[in-house]
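Here is the structure we will look at, set down as structure tokens.
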Amino acid sequence: MSSENLSSELGSKRLIKKHEFVRLIIQSLYSLGYGKSASSLEVESGVTYKSDDLELMESQILSGNWDGCIRTLDRFKNLMDETRASAMFLIFKQCILECLSHGDDSLALSVLRKQVSSLKVDRDEVHNLAHCILYMKELELGKTDDNVACEWRKKLLKELEKLLPPPFVLPERRLERLVESAVLAQIDSCMYHNSSDAVSLFVDHICGRDEIPTETVQILTEHINEVWFVQFSNNGDYLASSSSDCTAIIWKVLDNGTLRLKHTLRSHQNPVSFVAWSPDDTMLLTCGNGEVLKLWDVNTGTLKHTFEDLGFVVSSCAWFPDSKRLVCGSSHPEKGISMCNCDGKEIKAWRGTRMPKILDLAVTPDGENLISIFSDKEIHILNIGTNAERVISEGHSITSLSISGDGKFFIVNLNSQEIHMWDVAGKWEKPKKYMGHKQNKYVIRSCFGGLNSTFIASGSENSQVYIWSRRNSRPIEVLSGHSMTVNCVSWNPCWPRMLASASDDNTVRIWGPSRPNKMQLQKPS
């Protein structure tokens, strides 16, 4: 191949160096096991996967020719002094260890004093190597066979490959990673992406709106009054709804994507405004306006426990990951937050004369953080283990809280007609904002949903359901069907194209894709 061809550029923008591109193809062929094809391409193109100097150094390492290896390394041009010194240290270290293994202590000490000590490397590394020499001498370790030495040298080669930068050594599977990055960039720019299926490389990736729920596929009409809350179970097999008719209902999600009534929970004397699934989905908590907290068995629909000894009316509750502990918040000032077991025995409490009312709370999936909405405009994030607390102040009243599936983010609904997303770790100075829905005077609840919590959905006072891509502040879909305020939405965590909404029109709507065959269970990765 002529030098002109080797130095030419590829692509419409002429940004890709041809010889680098060919070299990456050769590396990829070798990594895929197509050695003959890779070798043929090296011959035909005149481009080699490894430089002559690198191949020479590798052969010198495998044969134990340390002096030759150092001379070859010295020929590497444009290598930073720090990197060169680190590479030489690794080579001398291998030389010393092999000298010790052969009983040649004097040569090992000579290399340490004359060669290693002059290198500009971390002195702790040098001291550790010296201690290693003394330790091996004291215990009279050594006399390793050739197989062990060979494994040591192969390990050294891998360490050097990680240390030496391009173009001396190519990063592992570089072409695959470049293609993967290009695919991920296309997925990130895809407004409706909601599938874990492999993406074709033959065409630019783009999804249609049938990847997300946009059509009503079922209307649940068993409640006889306003439906205030809906929540899918963690395994996606059930949906719980609660209503001002003083009942909660557990629905079973069937294999065909439809829902069937499993249990109607009757015990509350007042409207039920909140439910919470235990992480193992065997139990359900219910509470409401002027109501005590109740615990239900999901399988049988029987009442397991009524929390009458808490001393306050529960406004919201959440589970810890072990499904044995839960936290309850009170809407009455000074009552605070209580952590208890499933029998109602209090384990820990956060109370005080200055404790404001708790509007909503949640526990991150790892159980490390308790997030609470205090008073009207404050978000408190408490690390359960360290007691470290962070406070976020919002400019408008907060009505609800929801956490992403991975526990890294949470969203709050504000009566300013905005939804704000914050990171749990506290790295963001400002939230990401989503707007377009209507919320002035009622409690509206939103949720994360879709593959990897890519989307946000919310109810609205104008009887519609709004869906945003997390990357965009304006909604990508507005779903019509309800005739009154939509109070709450829940996205099925295992059916990424299934969404439920609860409304003052006494119904729960199940939303699915416009193509019914798209309603499928998300297979575990």
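The values are calculated or read from the model by the stated rules, or taken from the named source; none is laboratory data. Please read these numbers as outputs of a predicted model, since none were measured by experiment. Cβ coordinates were reconstructed from backbone atoms using ideal geometry, including for glycine residues, and neighbour counts include every protein chain displayed. Quick note on the areas: whole protein, heavy atoms, side chains included, nothing else; ligands and nucleic acids left out. Shrake-Rupley method; radii C 1.70, N 1.55, O 1.52, S 1.80 Å.
Values as computed for the structure displayed
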read-out	value
0 to 90° range, to nearest 10: angle between helix 123-139 axis and the chain longest Cα axis	70 degrees
Kirkwood Rh, angstrom, region 214-314 [1 / mean 1/r, Cα pairs]	13.8 Å
For Ile16, net neighbour charge (Lys/Arg +1, Asp/Glu -1) across residues whose Cβ lies under 14 Å away	+4
Correct choice for Cα Rg over 2.2 N^0.38 Å that was computed from the model, options (1) 1.11; (2) 1.33; (3) 1.02	(2)
Gyration tensor verdict on region 24-131 (Cα atoms; rounded if a/c is under 1.5, prolate if a/b is larger than b/c, oblate otherwise)	prolate
Carbon + sulfur, % of accessible area of region 232-294 - ligands and nucleic acids excluded, 1.4 Å	42 percent
Inter-centroid distance (Cα atoms) of region 237-252 relative to region 165-212, Å	40 Å
Stretch gain in nm, segment Ile16-Leu62, where the contour uses 0.36 nm per residue and the Cα spacing is subtracted	13.1 nm
Sites excluded, chymotrypsin sites (Phe, Trp or Tyr not before Pro) in DSSP loops with at most 15 other C-beta within 10 Å, longest stretch of the chain	203-427
Cα→Cβ-extended label distance, 7 Å offset, between Ser514 and Ser51, nm	5.6 nm
Per residue accessible area in Å² of the chain, where ligands, DNA and RNA are left out and the probe is 1.4 Å	50 Å²
Fully extended contour minus Cα-Cα distance, from Phe202 to Ser323, at 0.36 nm per residue	38.9 nm
Region 347-436: C-alpha gyration tensor shape, a/c 1.5 cut-off, then a/b vs b/c	oblate
Between region 89-114 and region 253-282, the alpha-carbon center distance in angstrom	70 Å
Distance cut-off 23 Å, percentage of C-alpha pairs in region 399-525 lying past it	27 percent
Summed residue charge, Cβ within 15 Å of Lys252's Cβ, Lys/Arg positive, Asp/Glu negative	-3
Between 0 and 90°, nearest 10: helix 18-31 axis offset from the chain longest Cα axis	80 degrees
Coil-residue trypsin sites (Lys or Arg not before Pro) of region 25-123, DSSP, other Cβ within 10 Å capped at 10	Lys77
Neighbourhood charge, 13 Å Cβ-Cβ cut-off, centred on Ser469 and excluding it, Lys, Arg +1 and Asp, Glu -1	+2
Rounded tilt (10° steps) of 52-63 against the dominant C-alpha axis of the chain	80 degrees
Sparse-neighbour loop sites [GluC sites (Glu not before Pro); region 381-464; at most 12 other C-beta within 10 Å; DSSP]	Glu429
Filter on Lys252/Lys294; Lys324/Lys377; Lys262/Lys294; Lys294/Lys438; Lys77/Lys162; Lys50/Lys158 - keep pairs with C-alpha separation over 23 Å	Lys324/Lys377; Lys294/Lys438
